[in-house]
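All remarks here apply to the structure that follows.
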Amino acid sequence: MAMSDEERLDELREEAWGKGIVRGRGVDVAGGPIPRRVGYYGQPLLKPPVWTWEIPVYFFIGGIAGMAALIALVSAVFHHLDRARMSILLAAIGAIISPILLTMDLGRPRLFINMLRVFKYQSPMSVGAWVVTIFGACSIPALLAVELHARHVFAGDLDQFIKIAAGSLVFASAFWGVLLATYTGVLLGATAIPAWYLHRVLLPIHFGTAGIGSAAALLELLGYRVAPLNALGFFAAGIECALWISLEMNKHGAADRALHEAQSGWIIRGGEIFSGPLALVLRALGFVPFAAISFLIGALLSRFGWLAAGKVSACDPEAVFASQEK
Amino acid sequence: MIGEGTQSTNQRRHNYVRENVDVGFFTDPTVCIGCKACEVACKEWNEVPDDGFTWSGSSYDNTGRLGASTWRHVLFLEQDRQKGNQIVGSSGDGADPFRWVFLSDVCKHCEEAGCLEACPTGSIIRTEVGSVFVQNDVCNGCGYCVVSCPFGVIDRRPEPLADAGGAFKCTFCYDRQKSGLVPACAKVCPTESIVFGRLDDLRARAHERVRQLRENGYGDAQLYDPQETSVRGIHAFFLILGEPEAYGLPPKPEVPTIYLRSAWLSAFATMIAAILVVFATFFFFA
Amino acid sequence: MKAYYGKRATAENDFGYNWIPKITDDHSFFEYLYAIADGKMDGMFLMGQNSAVGAPNSRFQRKSMAKLKWFVVRDMVEIEPATFWRDSPEIERGELKTEEIETEVFFLPAAGHAEKEGAFTNTQRLLQWREKAVDPPGDCRSEAWFIHQLALRLIEKARASNDLIDEPLRALDWWYAEDEIGEPKMEAVLAEINGWHTDHVAAVADRGPHGGVLFPQDRQGQSHHGPQVADYNELKADGSTACGCWIYSGVFNRDGVNKANTRQSRDYLGHGWGFAWPSDRRIIYNRASAKPDGAPWSERKKLVWWESEKWTGIDVPDFKPNKSPDHIPKDGQSGLDGQRGDAPFILHEDGLGWLFVPKGLQDGPFPTHYEPLESPVRNELYSRDTNPVVNWFTRGENRFAPPGDPRFPFVLTTYRLTEHHTAGGMSRFLSHLAELQPEMFVEISPELATDLKIDNRDYVCLVTLRGAIEARALVSRRIRAMQLNGQTVHQVAIPFHFGTAGPLRGDAANDLVAISGEPNVTIMESKAMSCNIVPGRLPRGAAYRDWLDRYAPQSGPPNLHPEQPPPGAPTGGKFSRGQGKHGKAE
């Protein structure tokens, strides 16, 4: 990154006070004494997202929780009760952390409840708020029911009822969970920011895949070194490789350069390398825990990368103009 | 209109809110003198805090752009172009042209408003007069409208400014309009570069003004009112000289809801694929 | 005189004429500034002005303030003159030392224009009444309050003394009643300005709804004066009437209507909205709107016309009402009768408009061109460069660069910004205005910026012989170089509103401007001077003086310009004894 104007000015001030005169160049040097910048004095056309670290972390945790609920369901269907218990535990923990992160990021956290004033299908944020809420309302009781059943707290008909309730709740958690893991792609994709909306098809796939892979990786790290999870690991890393290649191939020039250039581009690229090729190779070589860690790092990094790219892209008037050239 | 005195739509009382009349702003830079009275009147009436004493070096514009604490913004454009029939060059031969254009920018109050569609709390609503209004007491500051505005207008107000955390933009002085008053910016505009009135009247008037200017040597005068894109027109539209890009206006703004279909399709496909893949792995690798 | 001294003004004492202070010299602003600098003036009231920023050679202004013994500053905010003794640039540079300044500074908070009542008179001669919207906050009070309270206290002190010099104060008729926060009733003042009959039983016609007497009681509740005069035609020189200002007479007369406060226009000239002095006449010399024969030139824009043997019209005729259009003065007639009936400019002896001005102007009779006192070029029109009757105010602190001085190759001009008001007391401190123009800058053409290797937003220093300031460079093609006699002369331009007080940063443009006096009304030349530009920041502290001496040597004779007389040389103008006025040497 180039030195900011203010830093340069401070330097000029010091030099001026030290020597009494400044011979060097000032700020806005590009293009001579009058700054010639794209658009209106290079001012951003769009507003960059105001979101901070909570949102990418939420994307990461929400993805894990949602897909863990799916794994819980499938594990239960295939009678891996142990695995199902751990998965639904992860889902429930995620369901608790997610709204906390979302609320922390609000400008007025006390008014979080206003999210549930209305339901607007055309607003991914509204859909997401409801999905998080319903997911929590399913997965947390699901955890309770599963544990009650697994520990045989009750007997007889009541236990049967709890078993059915647990099954239903896990099923519902899985349904809302996959939605939770993928809607975030729509959330970014259906905005005015070129780097995001130009990749609105890729984003849900990427976020969903990252969710599955992360959930599987986390379960593996928790000791569930089983073949299906390993297969999921291979699968997710493979898809991430493909997505990376697709992202590198499908460039839109200046319009989405935030994804390829500068800091934000490198964060995304780093994320893709960790969760794609690196995870794949490590897993193929049998370093499963390292592959799992690599994938998790990649998934988290890439979420930060997409937010950073959104900020860069919104502040880049050339990107906006390029995206609207037709 | 200038010359109509107290009968100008910028000055007289009205019943637009009660009568559900669509209203608009027509902003004409060819009569703007760059006094920034609209910026000050807006901030005074709406109690918008000052947002920093930063000198920009961009002509006389130290405001920069619209934002949470700037609802009117006068652009100061210095262009190497001729303005209308002005005589330029030391010998009047047209060499070395230059013009200084002022334009008061504002929230566009889109026909299809990205912020309104995106708002998850229902804080952003459309009023009786067709303007887009943020209910400050409802907004919880989620920030989704910020990335959904194709014009980069609305923003979340940062600390330590008063009433921070909520999203803010031009209210079209809805409170004033409810009392039959004209928005503060239009009321104070000394040259009526900002005209407030019925949307249909203003559109007709704007087309007439463009025609008049083009006849009088302003070959690059045009209306900025993107009706052919998914935004389907804006209630605060502008006459501009030259290309919209130079004014920081997007040439083809689109309301982000048009991206929903493909994004959701992708999401649903991903969901189904995810379910199938997890079942498949557990089935085949169990 | 009756308005000043009331019953104490009598025919026997020449209505107290001897009590009135007399003009003994040129008491204009620059003259008394020099008197202050020379230690000849002890104290000053500064009200509604910011001479530390808004007056030419403001560096000298600030240094002169330190020579005062007492200094009363009244303003709405703590402006630079109120704080010059502790945070002026001169303190920072060591030119003044707080502990050595003996000036006692009183800062008194003033009320804003919405916090006090009174009348504005604009340059169209229109009086418009302004009502108070809110009480001023805290101890802020209007200027009227200050003068009123000061007068009450001074009169009380004078009454306690037997000194003859206090006699004029003892004689003052200070009768104005007050409201609950001590503000004098401004309408009572306006009533006095309008004028009244001193005898409350005066026989006047048409006494109106209030018996024609407005604000009848003085501070002791005694009957103070009689009915209002209708207009200045009722005024008499025998002491039977009193009037604060005859040209305003009629604004608040026997009908009890404050005409400055009327808000309903009756015609396109605005009669019914405010009051235009004199006699609510809206257009001066309006006889000129009619042809020599008295018929209007334009039916649409007619003002006055001759009809049935008198002048009548929409406006109040600015002409003798019964003087016919074909009046020819006879020998021996003088005054208005000495003017022809088709001569509308009645304040000129011949009643005619003047292009050739044989009298009145110090620098008539025709407009012509001289170079500014400081100029990078010579005058192409005359052998003389500068106006021969100009006042140079020659002084070591107020020097001018000679024509074509290579040390000061650029033309400097000053201007105002829409966002700020004069010296900034009413705008720099208001955040909604301050954020729109938050810092001092200098506009420079791209060509000059390239020559000097200055980029937009860089800091540069501007230097003249009076001082140096720092500003940010605003490079713009709006500023163009001038081609003067084959020579490229660059011009730079600065706004003048900034100063050290308040939230904004910026040096005062007036640090660069010289004190000078246009010969008629002593207005300084602030729109054209010569300067130098040095890229970089201005050294702060004591280093400033060495730096300034490098670019603008502060030693040498005070009159560097060849046409400039030395200090103390004989001078022209209305007050030839004025100490600062020089010139008209030829």
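The values are calculated or read from the model by the stated rules, or taken from the named source; none is laboratory data. No experiment lies behind these values; they were computed from the predicted model shown. Note: ideal-geometry Cβ built from the backbone for every residue, glycine included; neighbour counts use all protein chains shown. These accessible areas exclude ligands, DNA and RNA; they are computed on the full protein's heavy atoms, side chains included. Shrake-Rupley method; radii C 1.70, N 1.55, O 1.52, S 1.80 Å.
Across the stretch C:352-365, computed HN-Hα scalar couplings (Karplus, 6.51 cos²θ - 1.76 cosθ + 1.60, θ = phi - 60°) run 10, x, 10, 9, 8, 10, x, 8, x, 7, 6, 10, x, x Hz from first to last residue, x flagging Gly and Pro.
The heavy atoms of A:Lys251 present about 110 square angstrom of accessible area, all protein chains included, probe 1.4 Å. Classify the protein assembly as shown: rounded, prolate or oblate, from the alpha-carbon gyration tensor (a ≥ b ≥ c, eigenvalue square roots; a/c under 1.5 rounded; otherwise prolate if a/b is larger than b/c)? Cα axes put the protein assembly as shown in the prolate bin. Of the three principal axes defined by the Cα atoms of the stretch B:174-253, the extents in descending order read 40, 32, 22 Å. Taking A:Pro109, A:Pro277, A:Pro289 in turn, the Gaussian network model of chain A (Cα-Cα springs below 10 Å) assigns the largest fluctuation to A:Pro109. Computed about the Cα centre, the dipole magnitude for the stretch A:226-319 is approximately 220 debye when only Lys and Arg (+1) and Asp and Glu (-1) carry charge, each at its Cβ.
GNM on chain B, alpha-carbon springs under 10 angstrom: the most fluctuating residue among B:Gly114, B:Gly67, B:Gly57 is B:Gly57.
Say R0 is 41 Å: what FRET efficiency, to the nearest 0.05, do A:Ile164 and B:Arg126 get from their beta-carbon distance? E(calc), rounded to 0.05, equals 0.30. In chain A the longest region clear of chymotrypsin sites (Phe, Trp or Tyr not before Pro) that are loop-assigned by DSSP and have at most 14 other C-beta atoms within 10 Å covers A:155-286. Electrostatic bookkeeping for C:Ser265 treats Lys and Arg as +1 and Asp and Glu as -1; over the other residues with beta carbon under 15 Å from its beta carbon, the sum is +1.
Between their Cα atoms, which of B:Lys178/C:Lys132; A:Lys251/A:Lys311; B:Lys43/B:Lys108; C:Lys132/C:Lys185; B:Lys187/B:Lys252 are more than 22 Å away from each other? Flagged as over cut-off: B:Lys178/C:Lys132; B:Lys187/B:Lys252. Ranking of A:Met249, C:Met65 by solvent-accessible surface, largest first: A:Met249, C:Met65 (1.4 Å probe, protein heavy atoms only, all chains present). Given a Förster distance of 35 Å, report the FRET efficiency between C:Lys69 and C:Asn520 from their Cβ-Cβ distance, rounded to the nearest 0.05. Efficiency at R0 = 35 Å is approximately 0.60.
Among the GluC sites (Glu not before Pro) within the stretch A:222-319, those in coil by DSSP and having at most 15 neighbouring Cβ atoms inside 10 Å are A:Glu261.
List the trypsin sites (Lys or Arg not before Pro) in the stretch C:276-335 that DSSP assigns to loop (not H, G, I, E or B) and whose Cβ has at most 15 other Cβ atoms within 10 Å. Which are they? Could the numbers behind the result be given before it?
Values: sites: C:Arg281, C:Arg282, C:Arg287, C:Arg300, C:Lys301, C:Lys302, C:Lys310, C:Lys323, C:Lys330; in loops: C:Arg281, C:Arg282, C:Arg300, C:Lys301, C:Lys302, C:Lys323, C:Lys330.
Those that pass, being in a loop and sparsely packed, are C:Arg300, C:Lys301, C:Lys330.
So what's the gap between the Cα centers of the stretch C:504-564 and the stretch C:196-268, to the nearest angstrom? Cα centres, the stretch C:504-564 to the stretch C:196-268: 52 Å.
For the protein assembly as shown, a simple Cβ point-charge model (Lys and Arg +1, Asp and Glu -1, everything else neutral) yields a dipole of about 1900 debye relative to the Cα centre. Candidate cross-link partners of C:Lys359 among the lysines, defined by an alpha-carbon separation under 16 Å and a same-chain spacing of 8 or more, comprise C:Lys574.
Considering amide H positions built from the backbone, and no H for Pro or chain starts, which residues 5 or more places from C:Val73, or on another chain, come under 5 Å of its amide H? Amide H to amide H, under 5 Å and 5 or more residues apart or across chains, C:Val73 pairs with C:Leu46, C:Phe106, C:Phe107, C:Leu108. Over every Cα atom in the stretch C:284-372, the radius of gyration and the widest Cα-Cα span, Dmax, amount to 15.5, 54 Å.
Counting only residues at least eight positions apart within a chain, or on another chain, the aspartates and glutamates with an alpha carbon under 16 Å from that of C:Lys236 are C:Asp14, C:Glu192, C:Asp199. Looking at chain C, the DSSP beta bridges with both ends there are about 60 percent antiparallel. Applying a DSSP loop filter and a limit of 13 other Cβ atoms within 10 Å to the GluC sites (Glu not before Pro) in the stretch C:50-127 leaves C:Glu102.
Where does the stretch A:226-319 land on Rg(C-alpha)/(2.2 N^0.38 Å)?
On the way: Rg = 14.5 Å, N = 94, 2.2 N^0.38 = 12.4 Å.
So the stretch A:226-319 has a normalised radius of gyration of 1.17.
Over all other residues within a Cβ to Cβ distance under 14 Å of A:Ala76, the charged ones net out to +1, with Lys and Arg as +1 and Asp and Glu as -1. The residue list B:Leu116, B:Ala186, B:Ser131 was ranked by how far each Cα lies along the charge dipole of the stretch B:107-213 toward its positive end, using unit charges on Cβ atoms, and B:Ala186 comes out on top.
Only one residue of A:Ala69, A:Ala190, A:Pro99 has its Cα farthest out toward the positive end of the dipole of the stretch A:48-190, where Lys and Arg carry +1 and Asp and Glu -1 on Cβ, and that residue is A:Ala190.
Scalar couplings 3J(HN,Hα) for the stretch A:137-154, obtained by applying the Karplus form with A = 6.51, B = -1.76, C = 1.60 to θ = phi - 60°, are 5, 8, 6, 6, x, 4, 4, 4, 5, 4, 5, 4, 6, 5, 8, 6, 5, 10 Hz; x denotes Gly and Pro.
Say the dipole of the stretch A:226-319 comes from +1 at the beta carbon of Lys and Arg and -1 at that of Asp and Glu; which of A:Leu247, A:Ala319, A:Ile297 then lies farthest toward its positive end? Most positive-ward Cα: A:Ile297. Of all aspartates and glutamates in the structure, the ones whose alpha carbon falls short of 16 Å from that of C:Lys527, not counting any fewer than 8 places away in one chain, are C:Glu371, C:Glu374, C:Glu443, C:Asp511, C:Glu518. Here A:Ile273 sits with roughly 70 square angstrom of accessible surface, probe radius 1.4 Å. Less than 5 angstrom separates the built amide H of C:Ala177 from those of C:Lys185, all sequence-distant by 5 or more or on a different chain. Amide H to amide H distances under 5 Å link C:Arg141 with C:Ala110, C:Ala111, where only residues 5 or more positions off or on other chains count and H is placed in the peptide plane.
From its DSSP helices (H runs of at least four residues, each -39,500 (n - 2.57)), chain C gives a residue-normalised ellipticity at 222 nm of -4000 deg cm²/dmol. In order along the stretch A:245-256, the phi-based Karplus estimate (6.51 cos²θ - 1.76 cosθ + 1.60, θ = phi - 60°) of 3J(HN,Hα) comes to 4, 4, 5, 6, 7, 8, 8, 10, x, 4, 4, 10 Hz; Gly and Pro are listed as x.
Charges only on Cβ, +1 for Lys and Arg, -1 for Asp and Glu: so what's the dipole of the stretch C:25-183 about the Cα centre, in debye to the nearest 20? Walk me through the numbers on the way to the answer.
Details: 19 positive and 31 negative charges, 66 e Å.
Charge dipole of the stretch C:25-183: 320 debye, to the nearest 20.
The residues packed around C:Ser526, meaning those with a beta-carbon under 15 Å from its beta-carbon, carry a net charge of 0 if Lys and Arg are +1 and Asp and Glu are -1.
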